[in-house]
Amino acid sequence: MPAALQRLAQILPADRLLTSAAELAAYESDGLTAFRTRPLAIAVPETQEEVIALVRLCHELQLHFVARGSGTSLSGGSLPVVGGIVITLNRLNRILKLDPDQRLAIVEPGVINSQVTTAATPHDLHYAPDPSSQSICTIGGNVAFNSGGAHCLKYGMTSNHVLGIKAVLATGEVVQFGGESRESIGPDACGLFTGNEGLFGIALEITLQLLPRAESFHTVLAGYQTLEQAGDAVSAVIAAGLLPGAMEIMDALALNAAKAAVHAEYPPGCEAVLIVELEGPRESVAIEKQSLEAILTASRPVEMRPARDAKERLAIWKGRKSAFSAVGRLSPDFIVQDGVVPRRRLGEALRRIDSMSKEAGIRVANVFHAGDGNLHPLILFNGREEGALERAEDLAGRILKMCVEMGGSITGEHGIGVEKREFLADMFNQYEIDAMLRLRAAFDPHGIANPGKMFPGKEAPSLSHHGLHPLEKAGIISRE
Amino acid sequence: MMTPEDIHELAEAVRSSPRVLAIGAGTKPRLSQIEATKICMQRLQGIIEYDPGEFTFTALAGTPLAEIAAALAAKQQYLPFDPPLIGAGATLGGTVAAGLSGPGRFRFGGVRDFILGVRYIDGAGRVLRMGGKVVKNAAGFDLPKFFVGSLGRFGVLAELTFKVFPRPASSMTLRLSSADIHSSLNMLRSISRGRWEVEALDILPRSFDIALRIAGPEAALPLLATDLLAHFDGAKLSNEEAATLWEDLREFRWVPPDAALLKIPVALDQLLALYSSHLGDSIHVSAGGNVAWLATPRTTQWPAMTLRGNSPLWTAPTQRPAIWQSIKTAMDPEQRFPTLDP
Ligand SMILES: Cc1cc2nc3c(=O)[nH]c(=O)nc-3n(C[C@H](O)[C@H](O)[C@H](O)COP(=O)(O)OP(=O)(O)OC[C@H]3O[C@@H](n4cnc5c(N)ncnc54)[C@H](O)[C@@H]3O)c2cc1C
């Protein structure tokens, strides 16, 4: 037994230190199934003290570690490191405090995103960030990736809802950033920690703000002859000064997939569907829904379908939320990209993606957060065909470069991870990347926390295939 | 004092002296009361890019907030967090460095929630960009947020990109009466959990009354107000009264000239203790009970930051974790900027 394992065995009992090939196999990959690596061991702590002891040991031995929530990262963020350990946090899953008066919850990192809202619902409160993986992904993973969802334009990302973080840094130091107040003095270290992609240390306790649940909703589905018309409608809504809770677009390929998968119904003859949802006190929504109707009518949709009741609203969202996995089923493999473009250039971006797709002979479906310009092109391919993966990756890369060229970003919410690290240099120059590396070294001088992620270079893990997450195949989760 | 005219000169200015600190309009004088060569940011002003359809703008750090607010208002947009001291001439960079948000931060968040990107000069005099220019971006570490509240001790902000929101068609202010702090706190609790989605929720200084602001389509507001006034005792303010009330709070006009002004981040549950420990002083509680602005001729035992007057920059200092020093060294290896704890 290697010396490191002996030391680990002093912290955890044998049944919580997994080393057999069969046990390791379950952790070889995350939501980016193209990459697989086998770690030395999986550590399964149950308490914060055990996590701290593990990180301090890793620091002492300079042993690499990867924190892991539910392993749904789409960019390879929780991919293990060869020779290192994975620290899974699923058993640190207690909601430590839920304070409806102060509208906050203090949770351990393994708490599942949707459980926070479930716990808050009896108080008419909710936790706003809602990645489509919310029924399975953890708050620890959300914090590490600053995850988003369908409501970012109005409510922001995870970071905008994290008030405090207790963490063990890769140096072994235990810190508390922020706390129960929504205000702070001094540099916002809590904001800096959020989105660190597991490179600073492990979050042990997270204080989240809760919001009152909107009293009423008004959801409209509008079908258009072209994607561009749908994009223009989004601009018109924005220009009118409305601030919808969500604005989502699906293209023809996605629509057909959703029809086949969940029998979603869309107006015939549409190349694109736009979903707009208003929310707020009933008095405000009653008035804003009239403005919305006027704006959408002027955008000349083929058909407009406002949800008449909660059931119809849920049906609209079901089609939208299932679109991703539905498209995934059209093809043996796919890559999902997450670039952002300025909203006014959405139409142009979609046109260019379409022509790149035709030119490459590769099908691309688009289902995305139109309100904030966050694209999610799904690039379909068959991994068994010689060179197909490489061609798909090449197309994905060109799409990312286009996003940067247009003044956007290579990632809106999925993070850089392993997948996009070569593109970091398209957004930041060498001085800027160096500055980030120095910051990373401040938190982690030995480079033991999630090495090989975010920054270009370093060892490349082996490729296998892109496709549905195993949990999606099992029908447990679906994605946007 | 150096007064650079562009970013290039700003970088030069940083490199030219072993110890430098940038200052904006000086509306929070205590924050820069420290031995260092001062860099005046007031020539580095102007909006560089503003695209209402994108909900974003980029401006030089020395730009007065008033100029930004006016440009946004012309397109029916605004910074929802009511940046303080806008009338006194506060700059965008100074507001970020001081980390200050006004009453409106209650609904959609504070300055930290609207900052998207920065261009700054690090301790080695390099011009660097972090964050992005679009409303959604998760690439790289979120240094823009770290600069919020950093007081110029980690870098000099040169240019900032912000998210903005459409300005609600209309707003209305109510003043709810309260006889004592217990009832004010009870009102904060139930209103912040309520269905009304109020924009601002404050306890007024030298009083226990609550000021709250609702916003939205014009025709909805009287209905919401009527419902609120059915639950709580109070009255609607006229538009002029409301404007004066919020402006006086934003500009700290209630603070006596000889008192120090301190920012104390708090949680609602601590407010009772805060009031009891400052019986003779004026307190303005803002953001639904998440921050207290304290005016006192003395100082405080609460962890606070002093904006002006005779009180330590940080009161009740606690031991800072070692990571602070490591971050400081990473961003400013030559210690060109003052440290957080002078
Ligand atoms: C079907 C599907 C749909 C998705 N939809 C969305 C979406 O709509 N929006 C979106 O933003 N993302 C989405 N994702 C991506 C993914 O769910 C998020 O990135 C999520 O936050 C990951 O959470 P996790 O618990 O699975 O974390 P993991 O994948 O286990 O880990 C993610 C990263 O966080 C680090 N980490 C985990 N826990 C901690 C901790 N306690 N402290 C420090 N670092 C830690 C890991 O090292 C890793 O780098 C989707 C994924 C799938 C599979």
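The values are calculated or read from the model by the stated rules, or taken from the named source; none is laboratory data. These numbers were taken from a predicted model, which means no experiment stands behind them. Cβ: placed from backbone, ideal geometry, glycine included. Neighbour counts: every protein chain shown. All accessible areas refer to the heavy atoms of the entire protein, side chains included, with ligands and DNA or RNA removed. Shrake-Rupley method; radii C 1.70, N 1.55, O 1.52, S 1.80 Å.
Of these, A:G241, A:G223, A:G245, A:G191, which one is open to solvent by less than 10 Å² (accessible area, probe 1.4 Å) and facing chain B (nearest Cβ under 9 Å)? Spell out the reasoning first.
Numbers: A:G241 fails: open to solvent by less than 10 Å² (accessible area, probe 1.4 Å); A:G223 fails: facing chain B (nearest Cβ under 9 Å); A:G245 fails: facing chain B (nearest Cβ under 9 Å).
When all the criteria are applied, what remains is A:G191.
Looking at the range A:434-444 only, could you name the residues that are out of contact with any strand residue (DSSP E or B) (no Cβ under 6 Å at 6 or more places or on another chain) and facing chain B (nearest Cβ under 8 Å)?
At the first step, the residues of the range A:434-444 found to be out of contact with any strand residue (DSSP E or B) (no Cβ under 6 Å at 6 or more places or on another chain) are A:434, A:436-442, A:444.
Across the range A:434-444, the qualifying residues are A:M436, A:R438, A:L439, A:R440, A:A441, A:A442.
Taking the range B:173-190, which residues are surrounded by fewer than 20 Cβ atoms within 10 Å (Cβ to Cβ) and in contact with a Leu (Cβ under 8 Å, 6 or more places away or on another chain)?
Initially, the range B:173-190 is screened for residues surrounded by fewer than 20 Cβ atoms within 10 Å (Cβ to Cβ), giving B:175, B:177, B:179-183, B:186, B:189-190.
Answer for the range B:173-190, where residues must be surrounded by fewer than 20 Cβ atoms within 10 Å (Cβ to Cβ) and in contact with a Leu (Cβ under 8 Å, 6 or more places away or on another chain): B:R175, B:I181, B:H182, B:R189.
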Do we have A:S181 as away from the ligand (no atom under 16 Å from the Cβ), of a type in the set (S, T, N, Q), at pLDDT 95 or above and under 30 Å from A:L89 (Cα atoms) here?
yes
Is one or more of the residues making up the range A:349-356 within 24 Å of A:I416 (Cα to Cα) and touching a Ser or Thr at 6+ places or on another chain (Cβ under 6 Å)?
no
Within the range A:67-90, can one find any residue that is assigned to a helix (DSSP H, G or I), over 30 Å from A:L210 (Cα atoms), away from the ligand (no atom under 15 Å from the Cβ) and not β-branched (V, I, T)?
no
Just give me the residues in the range A:287-303 being of a type outside the set (S, T, Y), away from chain B (no Cβ under 14 Å) and surrounded by 16 or more Cβ atoms within 10 Å (Cβ to Cβ), in sequence order.
A:L296, A:P301, A:V302
Looking for something on the phi < 0 side of the Ramachandran plot, at the interface with chain A (Cβ under 8 Å from one of its Cβ atoms) and under 14 Å from the mean Cα position of the chain (by Cα) - is there at least one such residue anywhere in the range B:112-134?
yes
Do we have A:F381 as touching a Lys or Arg at 6+ places or on another chain (Cβ under 6 Å) and either crowded, with 19+ Cβ neighbours inside 10 Å or in contact (Cβ under 8 Å) with a residue 40 or more places away in the chain (or both) here?
no
Within 14 Å of another protein chain (Cβ to nearest Cβ), in contact with an Asp or Glu (Cβ under 7 Å, 6 or more places away or on another chain), in contact (Cβ under 8 Å) with a residue 24 or more places away in the chain and of a type outside the set (F, W, Y), is that true of A:P267?
no
Could you tell me which numbered condition B:L279 fails, if it satisfies all but one of (1) surrounded by 15 or more Cβ atoms within 10 Å (Cβ to Cβ); (2) farther than 25 Å from A:E173 by Cα?
(1)
All positions within the range A:106-149 that are open to solvent by 10 Å² or more (accessible area, probe 1.4 Å), within 14 Å of chain B (Cβ to nearest Cβ) and within 7 Å of the ligand (Cβ to nearest atom)
A:P131, A:G141, A:A144, A:F145, A:S147
Flag for A:G241 being without any contact (Cβ under 8 Å) to a residue 12 or more places away in the chain, more than 15 Å from the ligand (Cβ to nearest atom) and among the small types (G, A, S)
yes
Just to be sure I understand, how many residues within the range A:62-114 are among the acidic types (D, E) and under 30 Å from B:H182 (Cβ atoms)?
2
Search the range A:274-285 for residues being touching a residue at least 60 places away in the same chain (Cβ under 8 Å) and over 23 Å from A:D232 (Cα atoms), and hand back the single one that is farthest from the other protein chains (Cβ to nearest Cβ).
A:R282
So which pairs qualify, if the first residue must be in the range A:339-352 and free of Cβ contacts under 8 Å to residues at least 12 places away in the same chain, the second must be open to solvent by 10 Å² or more (accessible area, probe 1.4 Å), the Cβ gap must be under 9 Å, and the two must be at least 6 apart or on different chains?
none
Can you pull out every residue in the range A:328-347 that is of a type in the set (D, E, K, R) and in a strand (DSSP E or B)?
A:D333
Considering only the range A:409-419, state which residues are at the interface with chain B (Cβ under 8 Å from one of its Cβ atoms) and open to solvent by less than 10 Å² (accessible area, probe 1.4 Å).
A:S409, A:I410, A:T411, A:G412, A:G415, A:I416
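From the list B:G149, B:G117, B:G132, which residue is out of contact with any His (no Cβ under 7 Å at 6 or more places or on another chain) and either open to solvent by 10 Å² or more (accessible area, probe 1.4 Å) or at pLDDT below 95 (or both)?
Values: B:G149 fails: either open to solvent by 10 Å² or more (accessible area, probe 1.4 Å) or at pLDDT below 95 (or both); B:G117 fails: either open to solvent by 10 Å² or more (accessible area, probe 1.4 Å) or at pLDDT below 95 (or both).
Going through B:G149, B:G117, B:G132 in turn, the sole match is B:G132.
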